[in-house]
Amino acid sequence: MLMRDLQENLTLLYVTNPMCAWCYGFTPVVRRLRALWQGQLNVQVLFGDLQAHESEPLQHEQKEQLALSWHRVQERTFLPFEYRFFIQRSFVFNSEPACRAMLCVRLLRPVLTLEILRAMHSAFFVDNIDLKDTRELVRLVGIFGIPENLFLTLFESEEIAQQLEDEFAFVDSIGAATFPSLFLDTEEGPQQLASGYVNLLELEQRLLQLT
């Protein structure tokens, strides 16, 4: 493990999506980094537009591309995937509800954001839970003690929907074209640490080079 000699209170911007396979692989890396460098950096989770508002079912070629991506993540990270997902005939890959749910989580229980994101990843990629289903979202956040009425009041509000669209736009404006992406928040603006998956050692090296 690298020696850590950083000024305190650095902030990382983690741009992710609950239905992104490479994000599923990268979230444990971010969680591990935060734990190892506790007291020296904070992690702010931001959500990017991955086929938000999609209304058409996945086509055969799209399923093939997704399956290939899942295999690559599994080979790199050894995380489990449930490939029976691909026998569904009419699955609409729309990540907006899951992102909106995670935005509510970040507002209601910010310290649990990464933990609930990990649970969302697992629900989708391992349990094949449809994260467009509001009932499933209520169940998932409820596991972490977020009351259903409080969550739904926020989740169904126009303000949250607009805030999410604003966040999508902000993420695009800082150049996070690939998910996951990681930035160091500086006085000069966000400096990119990673575009796509990297392992913990590489991530630490990049962070030390920028600080």
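A few comments on the model shown:
- Of everything in the stretch 54-79 that is within 17 Å of Asp130 (Cα to Cα), modelled with pLDDT of 95 or more and among the charged types (D, E, K, R), the residue that is surrounded by the most Cβ atoms within 10 Å (Cβ to Cβ) is Lys63.
- Given (1) among the aliphatic types (A, V, I, L, M); (2) surrounded by 13 or more Cβ atoms within 10 Å (Cβ to Cβ); (3) part of a helix (DSSP H, G or I); (4) without any contact (Cβ under 8 Å) to a residue 60 or more places away in the chain, index of the condition Val111 fails: (2)
- Leading residue by the ranking (surrounded by the fewest Cβ atoms within 10 Å (Cβ to Cβ)) among those in the stretch 165-177 that are out of contact with any Pro (no Cβ under 7 Å at 6 or more places or on another chain) and either assigned to a strand (DSSP E or B) or in contact (Cβ under 8 Å) with a residue 24 or more places away in the chain (or both): Asp172
- Pairing residues of the stretch 35-58 that are in a helix (DSSP H, G or I) with residues that are of a type in the set (Lys, Arg) and buried (at least 16 other Cβ atoms within 10 Å of the Cβ), at Cβ distances under 8 Å and at least 6 apart in sequence or on separate chains, gives no pairs at all.
- All positions within the stretch 178-201 that are assigned to a strand (DSSP E or B) and among the aromatic types (Phe, Trp, Tyr): Phe183
- Odd one out for Ser95 among (1) closer than 18 Å to Leu58 by Cβ; (2) more than 15 Å from the chain's Cα centre (by Cα): (2)
- Looking across the stretch 138-164, the residues that are part of a helix (DSSP H, G or I), of a type outside the set (Val, Ile, Thr) and either in contact (Cβ under 8 Å) with a residue 24 or more places away in the chain or under 13 Å from Leu108 (Cβ atoms) (or both) come down to Leu140, Gly142, Glu148, Asn149, Leu150, Phe151, Leu152, Leu154, Phe155, Ala161, Gln163, Leu164.
The values are calculated or read from the model by the stated rules, or taken from the named source; none is laboratory data. Predicted model, so just to flag it, every value in this text is computed and none were measured. Here the Cβ is made from the backbone with ideal geometry for all residues, glycine too, and neighbour counts use every protein chain on show.
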